[in-house]
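Read through the structure below, which is laid out as structure tokens, and then see the notes.
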Amino acid sequence: MYLMKVTERIWLLSICLLFTGFSLLAQSQKSTSTSVNQLSDEQVLEFYKKAQASGLSEMQIEQAALERGYTLSDIARMRQRISEVQNKKTLTDKRDLSDSTTKVNGRKQLGDLSKREVLKKKKEDEDTLKQVKSKKLEIFGSKLFQSTDLTFEPNLRIATPKNYQLGPDDELVIDIFGNASDSYRLKVSPEGTVKVLNLAPVYVSGLTIEEAKERLVSRLRQAYSGLNSGGGTYAVVNLGNIRSIRVSIIGEVVKPGSYTVSSLATAFNALYLCGGPDSMGTYRNIRVLRNNKVVRTIDLYQFLLTGEQADNILLQDQDIIQVPFFTNRIELDGEIKRPAIYEIKENESLEQLLQFSGGFTSMAYRAYVTGRRPTDREIEVLNIPQGELKNFKLQNGDRIEVGKILLDRYQNRVQIQGAVFRPGDYALTPETKTFGQLLKKADGLKENAFRNRAVIFREKENGEPQVVSVDINKILKGEIPDIELHRQDSIVIKTIKELREEAFVTLLGEANSEGDAPYAEGMTVADLVLIGGGFTEGAIGSRIEIARRVKELNSDRVYKVEIIRLDIDPKLNLSPEDSKFKLQPFDIVYIRKAPNYEEQRSVHVMGEVNYPGTYAIVNTDEKISNLLERTGGIKVTGYLPGALFQRKGARIGIDIAQIMNNPSVEGNITLEDGDTLIVPKRSEIVSIGGAVLNPSSINFTKGYDFRDYLSQAGGYQELAQRGRGFITYANGFTQRTRRFLFFRIYPKVEPGSTIYVPFQPVDNKRSDITAPVILSFTSTLIIALATILRN
């Protein structure tokens, strides 16, 4: 056999030399050898493949190579290159087999398997419905087949299951070692057989790996004597590439149909592909049918609750998974660890159902649970004591609710609040069952506790509230019996301060921080001013006044307010006599401002003056004329008739020219903080508006009067009040049209003026026939008067 393999290698090498001869004939021996070394691994492999397909004999190929100038060294070098490439390829194939994710230990999945893509859109629809519907109980187990992290896909790395049955397209790998070394990969034919060497086919379909191994080894003994029988030659049979199978899923599943799965797939894998049971499908009675017989009944609760996968059997080709309707479902809600809708079998009790849910929470009310059972016409309420949970039989449609312990109700709690050192909740015990004992348990009263009275809030037997008054002093002194406490009692002890109106004093006037301050015994005016941040800059300490409430003796009625005056210096020092004065609750201290104190005030000057800007008011008597002197006077471009004066946003009409000529005129007003004086440039525009035909702005024309400008605007409208036109000048003054006898005296037009003609008021009550009636009546009077005069 060894000689046969050597001869085959030489023959293949010679074939490779034949295909490279065209490029090497013209070269010398040395150059030819170099060219053989420069061939790539891919070229050598290509020559090797072509050599396998050649029909020439070895002698013919070698003879042809020698005749073309090749030496035996060339042929040997080519032979060496092919050997190197083959060894490298063998190592690469082994590395690929160990690193590949689709092939494990020489095994890979054949065919395209069914995917779960059909369920993606359905999950998106369910997510959308969750946003618009209120949250309801979910069916227990429904999330199992919705998770993308648990697919139940078969693992190709696992050892071949002992019960795996071979079928068409499966591949068997036979490794022979010992005295002989060979390896075979045999694919199961559609007829269920495999063929090795020139031996007769072996039927393996439906056999396990162990059964197939026995048949194959028995057949291979015809070629390898003593195989697996102590003769020194051994064979190992493993499963290689695996086939795909078809299974059908019917019944109440999300997506029933036929699925292509791996031959290593299990029942859970197929259920995941179809989305699992739907809202009507059972989780506890899923049947796997094979050859019209039920081979397994699957209870998914075994896996969901314990993790056991005994029902997760391997599927075979043409298996059918049937998911029937559920039989009994129970809603379980309330104080249990996993509220959900559960499916139960006929012999399962309420106690087992609670175990499915994980049991009660720590706050569950366990004395009894409440059930609601639908009958033929109505709903029946059930109260199930804890002792009957084990024997209570459930029915389809039952709803079980586990209540919650009331958080505001305790079996043995009493409370104490207020002026004690340790307020809080205490247990009602034989050592703490009276008021005095509980007070001692709370470390006693605080120093500021009101000792004359405490209050116990208590619930009567009918639940109504009750108040019990306690004289703390008398109980502590033993003058009256101690009061026995009841469950849910709540004791409240007040402080002396809580029973009085909160005392405060008030600081107003020229202090940096005005307002109320908490009263403290011994507080002086200086202390209060200090609390208020001290005096403002304009404060005067010699005019401090205190307003104090004065009560009539032996009466709580306030009948007057007493005013007390004190002096204090800026360093908050009082005179020896005044330093003895102490404030009392609710005193109001007023601090006055010094009469000569003035804060900086400013006015603004803009426009055509020599030095525009912001100016401080020097004294309270400063007037506009003084301000104009400080600005350096009016520029040549300034238009005095248009000067504008504003105060707090309102325009005030002034005559700057008159003020400058005669500062003693009444228009020379006294300045105030924030005043603004604007001296504009000369304006060459006159605006006409109101009840004119063409409201517009036109150039000022010397010699034009009021009526000329109205003519430029097209004259009056029909509804214009002709005798009421007026002019507003640039400085804010306004002049109207006046009447003398039968004549109208119009105001003078100046540059920057605005002429306005008002409209007649609209009389909505006047009808459209009023004017004709008046005209007719007037005509009648005129005719009558003329007739009388002729006579």
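The values are calculated or read from the model by the stated rules, or taken from the named source; none is laboratory data. Keep in mind the model is a prediction, meaning the values are calculated, not measured. Methodologically, a virtual Cβ is constructed for each residue, glycine included, from the backbone with ideal geometry; neighbour enumeration extends over all protein chains shown.
The single residue among Ala517, Ala547 that is within 15 Å of Leu583 (Cα to Cα), in a strand (DSSP E or B) and under 51 Å from the mean Cα position of the chain (by Cα) turns out to be Ala517. What do you reckon, is Ile321 of a type in the set (Val, Ile, Thr), in contact with a Phe, Trp or Tyr (Cβ under 7 Å, 6 or more places away or on another chain), outside any helix (DSSP H, G or I) and buried (at least 18 other Cβ atoms within 10 Å of the Cβ)? No: the conditions fail for Ile321.
Residue-level analysis places Val237 outside the set of residues that are out of contact with any strand residue (DSSP E or B) (no Cβ under 6 Å at 6 or more places or on another chain), crowded, with 17+ Cβ neighbours inside 10 Å and among the β-branched types (Val, Ile, Thr).
Quickly run through region 389-418 and pick out the residues that are acidic (Asp, Glu) and loosely packed, with under 15 Cβ neighbours inside 10 Å. Within region 389-418, just Asp408 meets the criteria.
Within region 339-362, the residues that satisfy the criterion of being in contact with a Leu (Cβ under 8 Å, 6 or more places away or on another chain), within 21 Å of Ile405 (Cα to Cα) and part of a loop (DSSP other than H, G, I, E, B) are Pro339, Ser357.
Residues checked against (1) touching a Cys at 6+ places or on another chain (Cβ under 7 Å); (2) within 27 Å of Arg651 (Cα to Cα); (3) among the basic types (Lys, Arg); (4) exposed (fewer than 13 other Cβ atoms within 10 Å of the Cβ):
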| position | (1), (2), (3), (4) |
| --- | --- |
| Ser687 | no, yes, no, no |
| Ser697 | no, yes, no, yes |
| Lys702 | no, no, yes, yes |
| Ala713 | no, no, no, no |
| Asn731 | no, yes, no, no |
| Arg738 | no, yes, yes, yes |
| Ile745 | no, yes, no, yes |
| Gly752 | no, yes, no, no |
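This table checks each residue for (1) in contact (Cβ under 8 Å) with a residue 12 or more places away in the chain; (2) among the β-branched types (Val, Ile, Thr); (3) out of contact with any Lys or Arg (no Cβ under 6 Å at 6 or more places or on another chain).
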residue: Glu214; (1), (2), (3): no, no, yes
residue: Val217; (1), (2), (3): yes, yes, yes
residue: Gly275; (1), (2), (3): yes, no, no
residue: Gln309; (1), (2), (3): yes, no, yes
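Taken over region 429-471, residues that are touching a residue at least 40 places away in the same chain (Cβ under 8 Å), assigned to a loop (DSSP other than H, G, I, E, B) and under 24 Å from Arg409 (Cβ atoms) amount to 1. For Pro761, indicate whether it is within 30 Å of Gly653 (Cα to Cα), loosely packed, with under 10 Cβ neighbours inside 10 Å and modelled with pLDDT of 80 or more. Considered against the rule, which asks whether it is within 30 Å of Gly653 (Cα to Cα), loosely packed, with under 10 Cβ neighbours inside 10 Å and modelled with pLDDT of 80 or more, Pro761 comes out as yes. Given the condition surrounded by 12 or more Cβ atoms within 10 Å (Cβ to Cβ) and either under 30 Å from Gly533 (Cα atoms) or of a type in the set (Asp, Glu) (or both), answer yes or no: does some residue in region 655-669 qualify? Yes. Applying the set (1) hydrophobic (A, V, I, L, M, F, W, C); (2) in a strand (DSSP E or B); (3) at pLDDT below 90 to Leu508 leaves exactly one unmet item: (3). For region 688-719, name all the residues that are touching a Leu at 6+ places or on another chain (Cβ under 9 Å) and more than 12 Å from Gly752 (Cα to Cα). Matches in region 688-719: Ala691, Val692, Ala713, Gly714, Gly715, Tyr716, Gln717.
Scoring Leu216 on the criteria (1) farther than 21 Å from Leu314 by Cα; (2) surrounded by fewer than 17 Cβ atoms within 10 Å (Cβ to Cβ) leaves a single failure, condition (2).
Looking at region 587-605, can you tell me whether even one residue there is assigned to a loop (DSSP other than H, G, I, E, B), modelled with pLDDT of 90 or more and closer than 30 Å to Lys560 by Cα? Yes.
Does Gly667 satisfy the condition of being on the phi > 0 side of the Ramachandran plot and in a loop (DSSP other than H, G, I, E, B)? Against the criterion (on the phi > 0 side of the Ramachandran plot and in a loop (DSSP other than H, G, I, E, B)), Gly667 does not qualify. When Glu498, Glu484 are checked against the criterion of being in contact (Cβ under 8 Å) with a residue 24 or more places away in the chain, surrounded by 12 or more Cβ atoms within 10 Å (Cβ to Cβ) and of a type in the set (Asp, Glu), a single residue qualifies: Glu498.
Filtering Glu672, Glu666 for residues that are charged (D, E, K, R) and free of Cβ contacts under 8 Å to residues at least 12 places away in the same chain leaves a single hit, Glu666.
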